[in-house]
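Okay, so here's the structure we're looking at.
The values are calculated or read from the model by the stated rules, or taken from the named source; none is laboratory data. Just so you know, these numbers come straight off a predicted model, no measurement behind them. Cβ: placed from backbone, ideal geometry, glycine included. Neighbour counts: every protein chain shown. The protein model used for the area step is the full one, side chains on, heavy atoms only, and it has no ligands, DNA or RNA in it. Shrake-Rupley method; radii C 1.70, N 1.55, O 1.52, S 1.80 Å.
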Amino acid sequence: MIQRPLWQPDPYAASATHLHAFRRDIERRLGRRFADYSALHAWSITQRADFWRAVWDYCDVVGEQGERVLLEPDGMRSAKWFPDARLNFARNLLRQRGPHEALVFRGEAGERRCLSHQQLYKQVAECAAALRAAGVEQGDRVAAYMPNIPETVVIMLACASLGAIFSSASPDFGVAGVLDRFGQIAPKVLFAADGVIYGGKRLPGLDRVAQVAAGLPSLTRLVVVPYLET
């Protein structure tokens with residue numbers, strides 16, 4: 001019985017995909033041709049190091065790739081990819097500038113906020129500068145007792161840009177649960193929202209924030225983010 005695909009893309013649409021562009025990029029770089037997707041796939045699993053080096057190059061990853069791509073390729077658990085590579089997560093995510101939307105937020109109450117690439121970069125840079133001024137260095141821990149809002153993303157990226165370790169807990173957590181999590185990492189700085197919006201209700205949270213801060217003797221700085229006041 002001949003099995004036929006349930007759907008195939010229009011050739012014009014297929015030629016506009018990143019996968020098609022990646023295939024052409026490999027052919028140009030390596031001076032070889034792939035007859036179809038199956039040939040590309042076969043090459044990707046038989047020449048894994050070459051394939052992932054090509055992915056790094058095509059994606060234009062900002063960082064130092066290093067000489068070695070793959071160690072112990074025959075072991076799923078023991079395999080090590082790019083063991084000598086060094087890169088910064090935030091630097092790669094924030095390399096775009098300009099007015100196009102980078103982050104779109106919709107809150108439970110219906111509010112909509114957008115940050116362009118330029119605005120996101122600026123806010124992350126300002127947050128990183130403030131953290132640096134507060135004494136945060138590579139390897140320090142920063143905690144966020146925050147809802148899923150743009151400010152939380154900004155804090156995370158600012159920490160990544162400095163090499164600091166970021167951890168978060170939702171305001172749904174009670175004080176004991178937050179202290180169980182954050183107490184293990186001894187954060188230097190705590191960011192916390194002044195409350196949350198849940199089920200259409202505005203729920204202040206500064207009392208719990210104060211209890212959390214009091215239970216973290218490692219803190220040198222508490223930053224309250226005015227979510228309910230925006």
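Give me the percent of DSSP beta bridges within the chain that run antiparallel, rounded to the nearest 5. Working shown, then result.
Numbers: 13 of 27 bridges.
If I count the DSSP bridges inside the chain, around 50 percent turn out antiparallel.
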By how many degrees, between 0 and 90 and to the nearest 10, does the Cα long axis of helix 48-58 differ from the longest principal axis of the chain?
70
For S116, list long-range residues whose amide hydrogen, built 1.01 Å from N in the peptide plane, is under 5 Å from its own amide hydrogen.
A102
I want to verify a result. In a Gaussian network model of the chain, Cα cutoff 10 Å, which of these has the top mean-square fluctuation: A193, A133, A125?
A133
Mean-position separation - Cα centroids, the stretch 23-46 and the stretch 175-230, in angstrom:
51
So if each residue of separation counts as 0.36 nm, and I subtract the Cα-Cα distance between E108 and S38, what length gain in nm does that give?
20.7 nm
Just to check I understand the Karplus step: with θ = phi - 60° and J = 6.51 cos²θ - 1.76 cosθ + 1.60, what whole-Hz values come out for the stretch 190-195, glycine and proline as x?
10, 9, 8, 6, 6, x
With every protein chain in place, the chain: carbon and sulfur % of accessible area (1.4 Å)
54
Quick one: Karplus J couplings for the stretch 82-93, per residue in order, coefficients 6.51, -1.76, 1.60, θ = phi - 60°, nearest Hz, x for Gly and Pro?
6, x, 9, 6, 9, 8, 10, 4, 5, 4, 6, 6
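Taking the solvent-accessible surface of protein heavy atoms with a 1.4 Å probe, what is the per residue accessible area of the stretch 57-139 in Å²?
Working: 5840 Å² over 83 residues.
Result: 70 Å² per residue.
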Going by alpha carbons, how many degrees (0 to 90, nearest 10) lie between the helix axis of 37-46 and the longest principal axis of the chain?
70
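May I ask you to derive the relative contact order of the chain, considering only C-alpha pairs under 8 Å and at least 6 residues apart, and to give it as an integer percent? Walk me through the numbers before you get to the answer.
Details: 307 pairs, mean separation 27.6, N = 230.
This gives 12 percent for the chain.
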Using the Karplus equation 6.51 cos²θ - 1.76 cosθ + 1.60 (θ = phi - 60°), what ³J(HN,Hα) coupling, rounded to whole Hz, does each residue of the stretch 20-27 give in order, writing x for Gly and Pro?
5, 5, 5, 4, 5, 5, 4, 4
Net charge, I26 excluded, C-beta distance under 11 Å - Lys, Arg +1, Asp, Glu -1
+3
Amide proton proximity set for R221, modelled H, under 5 Å, gap of 5+:
L190
Please give the charge dipole size of the chain, origin at the Cα centre, charges +1 on K and R Cβ atoms and -1 on D and E Cβ atoms. Round to the nearest 20 debye.
340
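Could you rank the peptides 155-165, 104-114 by their average count of other C-beta atoms within 10 Å per residue, with the highest value first? It would help to have the intermediate numbers written out before the result.
Details: 155-165: 21.4, 104-114: 10.9.
Averaged packing, sorted descending, gives the order 155-165, 104-114.
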